[in-house]
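Read through the structure below, which is laid out as structure tokens, and then see the notes.
Just so it is clear, none of the values below were taken in a lab; they were calculated from the coordinates. This structure is a prediction, so every number in the text was calculated from the model and none was measured. Neighbour counts are summed over all protein chains in view; Cβ atoms, including those assigned to glycine, are modelled from backbone coordinates with ideal geometry.
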Amino acid sequence: MEIGRQLETVTRKLRRTPNRLYVMGQRTKWGNCSSLHNLSFSWRLIMVPEHVLRYLVTHEALHLAVPDHSPRFWLAVQSLCPETERARQWLTRYEGSLPLRLDAIIYSN
């Protein structure tokens with residue numbers, strides 16, 4: 001499932017839309033929601049399972065409505081993405097094994 005399609009699903013439920021969507025080479029974050037309501041995501045999301053992608057897109061899109069990590073935010077994430085805990089466990093276990101550079105994938109032997 002691609003970022004755009006998942007984002008459309010979540011933002012429709014939230015009745016919020018980002019100003020802009022970026023897919024970039026962030027090295028320290030999976031995604032971000034700026035104060036200007038721009039969403040950015042790491043290109044490395046192409047390598048994660050669908051449930052992890054759904055969680056990460058849901059997490060960032062929800063910041064369009066709730067800008068913090070309050071209990072209200074986490075309840076809403078869980079409500080929109082019941083696989084939240086499973087996705088977070090996957091990230092804890094595997095995120096360090098994903099390459100940071102695209103050329104490491106393209107030119108690997």
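Just a few scattered comments:
- For the range 3-106: relative contact order, % (alpha-carbon pairs under 8 angstrom, 6 or more apart): 26 percent
- Positive-end residue of V48, V66, G4, charge dipole of the chain with Cβ unit charges: V66
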